[in-house]
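One structure below.
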Ligand code: SF4
């Protein structure tokens, strides 16, 4: 049975874990939320100690053939685009390593012409010479294609389903390979079969009613823990942010509800890492580090070349798939979305230390396998 089979049944009612989880998402008063938060804090300390894994995203292309209504990189948006060469990727990676990062997430849009499988493998190989932990957030691939990236040094894969509501998914993904809901849904299982050590799941909150989305996501996590137990599973709850195209969220997830959601996941899945990005404001990030979050990005840029200005000479404007050269671009490539926490990685690390949490820059080295 695949997770697609599970989702076609009713995930909300399929196990006791999910029934209990759904109850934790019910509206609750301050007293009940405080009690849930205290429990989440205790469980986080028991399972993860007072530590926080830090990573940075490294965008290497914002080319994309898909039309995703909510994304700044959508093919429909006439934006400045570029794909970094291997040398340019290396300079960005060395810059981030110089800031202390030993864990990088390689991110790109989906465009077979600009981001061929071979280019992806070459990018992974370059970056894995610089940092020991390389994860991918790229177009879904076949198992054999994933194996090539693992052979080049990738160890983690992030793939968010965006929304588990098939009807809503259909209205938001109107062109390109991403239209295929089940091809995306089955990606974590293909990635597991290929041998990734870490697998990241998530939904983009704002596209569908949040409780419904959270229950489907919990069902997916539960499935992966049962069937794909050799990999570490993490989960994330990104909320929609302003981006090119001006898409507005259809459904709200308030700050209070996000706190409740993080705590509910922590209590239900004590061993699962929870990832939080710089999309969220400082006060909320500083709150959630105590309540369940175990991995954070810091100092992020969401455009290719965003850290060091690499690649500006090859910037071009793309209008509905047609490339127009620009001679006077006075900005870099378009970011995927706006971030809220603009602190430097060092400032984030200092804030964590002040809160009694050890920032962890490195928690993996392939040499471990040779011991
Ligand atoms: S969400 Fe991903 S696939 Fe969709 S437009 Fe953005 S980069 Fe492309």
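General remarks:
- Between helix 143-152 and the chain: long-axis angle, C-alpha atoms, 0 to 90°, nearest 10: 70 degrees
- Per-residue ellipticity at 222 nm, computed for the chain from helices alone with -39500 (n - 2.57) per DSSP H run of at least four residues, works out to -11000 deg cm²/dmol.
- Within segment 3-363, DSSP assigns beta bridges of which about 25% are antiparallel (rounded to the nearest 5).
- Tensor-based shape of segment 1-100 (alpha-carbon gyration tensor, a/c under 1.5 rounded, otherwise prolate or oblate): oblate
- Cα-based helix-to-principal-axis angle, 255-268 vs the chain, degrees rounded to 10: 70 degrees
- Ranked list, fewest to most other Cβ atoms within 10 Å of each Cβ, for 74, 35: 35, 74
- Relative contact order %, segment 266-371, counting alpha carbon pairs below 8 Å whose residues are six or more apart: 27 percent
- Label-to-label distance, nm, for residues given as residue 366 and residue 229 (7 Å Cα→Cβ offset): 2.8 nm
- Take each peptide in 15-23, 46-54, 157-165, count the other Cβ atoms within 10 Å of every residue, and average; sorted highest first, the result is 157-165, 46-54, 15-23.
- Extension reserve of the residue 16-residue 308 stretch, reckoned as 0.36 nm per residue once the Cα distance is removed: 100.2 nm
- Spin-label model distance (nm) - residue 33 vs residue 95, 7 Å beyond Cα toward Cβ: 3.9 nm
- For the chain: relative contact order, % (alpha-carbon pairs under 8 angstrom, 6 or more apart): 27 percent
- For segment 195-292, a Kirkwood radius taken over Cα pairs fed into Stokes-Einstein (37 °C, viscosity 0.692 mPa s) yields D = 231 µm²/s.
- The length gained on full extension between residue 1 and residue 251, counted as 0.36 nm times the residue separation minus their Cα-Cα distance, comes to 86.9 nm.
- Relative exposure of 91, 198, judged by other C-beta atoms within 10 Å (fewest first): 91, 198
- Annotation: the residues 1, 296, sorted from fewest to most other C-beta atoms within 10 Å of their own C-beta, follow the order 1, 296.
- Three-way shape label, segment 257-351, alpha-carbon gyration tensor, a/c 1.5: prolate
- Against the chain, whose longest principal axis comes from its Cα atoms, helix 345-354 is set at around 20 degrees.
- Global form of the chain, assessed from the alpha-carbon gyration tensor, a/c cut-off 1.5: rounded
- Report note on the peptides 174-184, 315-325: ranked by the mean count of other C-beta atoms within 10 Å, highest first, their order is 174-184, 315-325.
Each value in this text was obtained by applying a stated rule to the coordinates, not by laboratory testing. Please read all numbers here as calculations on a predicted model, not as lab measurements. Methodologically, a virtual Cβ is constructed for each residue, glycine included, from the backbone with ideal geometry; neighbour enumeration extends over all protein chains shown.
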